[in-house]
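Scroll down for the structure; my scribbles are underneath it.
Just so you know, all these numbers are worked out from the coordinates, no wet-lab data involved. Fair warning: this is a prediction, and the values are worked out from it, not measured in the lab.
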Amino acid sequence: MTSGFESDLVDALKEVVKGSNWQNIGNIENLKRQKCRRLYADDGEDMVLICLNGGKQIYAMDASCPHEGQSSSGLKVRLTHEVGEKWRNKEITKTGYAPPPSQPKRDPLLNASRISNLHSMANIEQWAIDLSWDIIARFSMEKVAGAGLPKEFFDDFVQVACEEAKDCGILLRTRQIVY
């Protein structure tokens, strides 16, 4: 038997939950059957719940990702396609020089779901894009027998960057469909 205090406390908590941003995500047994579920919030601070081991472990993570919207990933894909097109059309004929960063910034991601696998694959494609442009930047001033590297050397890496940008774009669109 519950005391009046406990009953009043439960009623007060129900009012707090009802008047707040708390979300009822459903029956725990139904949740356990879903490996991944995205919870949408009005403020855009969405969450992803990931259930492992038959629902014995449930993880929550921020659903924001650098791949969403017109993020740096989308911008990188778009710019790679633009530069690749200009390179192939000979609108850009020289590499120039800019010191590359020691390592591109990456956000750690949870490796526990299909969505995170798409994130990981998109990150791999981004690394390939970064590496292609990095090679161009690092070798643009190299000399062999007193001359710069042949244009064909750079052609290959522009082509690789464009192919990886295509793959990354496909993964970004696929990830949006999965959500």
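For the residue pairs Lys86/Lys151; Lys94/Lys143; Lys76/Lys143; Lys90/Lys143; Lys94/Lys166, alpha carbon separations beyond 26 Å are given by Lys76/Lys143.
Normalised by the number of residues in segment 129-179, the mean separation of alpha-carbon contacts (under 8 Å, six or more apart) gives a relative contact order of 42 percent.
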